[in-house]
Amino acid sequence: MNVSSPETEQGAALTEQLQRIADALERLAPARDSVLDVDSADAFVWMPDSRTLQAVEKVNRVELDLLEGIEQQKASLLDNTRRFAKGLPANNALLWGARGTGKSSLTKAVHEKINREADGEGFDKLALVEIHREDIPSLPGLLALLRNQDRRFLLFCDDLSFEQEDTSYKSLKAVLEGGIEGRPENVLFYATSNRRHILSRDMIENERSTSIMPSEAVEEKVSLSDRFGLWLGFHNCDQETYLAMVRGYARHFGLEVEDEDLKQQAVEWSVTRGARSGRVAWQFTQELAGRLGQRLS
């Protein structure tokens, strides 16, 4: 019968801990032999395990002109992105607010709009790089790979938020403004979130209750959203705006339906969903097109 000594168990635990640290450092460190073909597409998904960018042939997006009820947000994000594309100072952007109100749709639509302007305005097209929420800890490694590239990159993280005991937000804070090197000049970071401060209320309250200096702890947490120079709020729309969205989609895709019937069906659809938003308007449009036997293309 083999009985492990305390020293043996401690040694095994230490070895396991060191291995986890080594694995974490390996994920963060840029691969010296990584070759990024950043000119192969205009949109990519960051693959942290292989430290490569996976090209996206066709981005799932909506035309900018079809996004109703967010005119101020459109203008602000478009102007900020255009300045970045031209090599001028621009801010990291946080698009926050209710679900389905057009945050991620606006980001992708603005990217397409700017790239359409590129040739005529004399600047290069931007590369849109999506990084998944769970891959945020690998963000420093991604920036190290992009820093010396000639192309300009718009990093995009959809539905960004952090829960209890999640410390990966510290990596994001350091990347946005902190650190010795700071954010590369050829990289801008856009994120969408349902929360204005990105962190959950429970997470902030827990820091308040357990910290020796509660106000400083909360400030440390909340300051994450302060690293975004541009804040754009999105809110649920009224019925008039919702119907304008539906009519815009119907007109764009040539759906053959009388306006009064369109209005009645759209209102009924929103009641069954218990909400009015851009997402609900788009879902109704797909339902209507299917019933009419028409394609959305």
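The values are calculated or read from the model by the stated rules, or taken from the named source; none is laboratory data. None of these values were measured; they are calculated from a predicted model. When we count neighbours, we look across all protein chains shown, and the Cβ atoms used for this are built from the backbone with ideal geometry, even at glycine.
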Read through the list (1) surrounded by fewer than 21 Cβ atoms within 10 Å (Cβ to Cβ); (2) touching a Phe, Trp or Tyr at 6+ places or on another chain (Cβ under 8 Å), then give the number of the only condition that residue 78 fails. (2)
Wholly enclosed helices (runs of 4 or more DSSP H) of segment 227-297 bearing at least 3 residues hydrophobic (A, V, I, L, M, F, W, C), over 18 Å from residue 67 (Cα atoms) and free of Cβ contacts under 8 Å to residues at least 40 places away in the same chain: 259-273, 278-292
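Would you check if residue 76 is out of contact with any helix residue (DSSP H, G or I) (no Cβ under 9 Å at 6 or more places or on another chain), part of a helix (DSSP H, G or I) and under 22 Å from residue 53 (Cα atoms)? Steps first, answer last, please.
Values: out of contact with any helix residue (DSSP H, G or I) (no Cβ under 9 Å at 6 or more places or on another chain): yes; part of a helix (DSSP H, G or I): yes; under 22 Å from residue 53 (Cα atoms): no.
No: the conditions fail for residue 76.
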Among the residues of segment 108-125 satisfying the criterion of being surrounded by fewer than 23 Cβ atoms within 10 Å (Cβ to Cβ) and within 17 Å of the chain's Cα centre (by Cα), which is nearest to residue 150 (Cα to Cα)? 112
Residue ID - surrounded by the most Cβ atoms within 10 Å (Cβ to Cβ), chosen from residues in segment 250-297 that are within 20 Å of residue 98 (Cα to Cα) and basic (Lys, Arg): 276
Assess whether residue 69 counts as being in the same structural domain as residue 158 (by TED's automatic domain parsing), in a loop (DSSP other than H, G, I, E, B) and buried (at least 22 other Cβ atoms within 10 Å of the Cβ). yes
What residue, of 278, 229, is closer than 24 Å to residue 191 by Cβ, in contact with a helix residue (DSSP H, G or I) (Cβ under 9 Å, 6 or more places away or on another chain) and either assigned by TED's automatic domain parsing to the domain that holds residue 75 or of a type in the set (S, T, N, Q) (or both)? 229
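Residue-wise test of (1) among the basic types (Lys, Arg); (2) at pLDDT 95 or above; (3) within 17 Å of residue 156 (Cα to Cα).
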| site | (1), (2), (3) |
| --- | --- |
| 3 | no, no, no |
| 6 | no, no, no |
| 13 | no, no, no |
| 32 | yes, no, no |
| 35 | no, no, no |
| 40 | no, no, no |
| 46 | no, yes, yes |
| 59 | no, no, yes |
| 70 | no, no, no |
Please work out which one of (1) out of contact with any Pro (no Cβ under 7 Å at 6 or more places or on another chain); (2) crowded, with 18+ Cβ neighbours inside 10 Å is the condition residue 149 fails and give its number. (2)
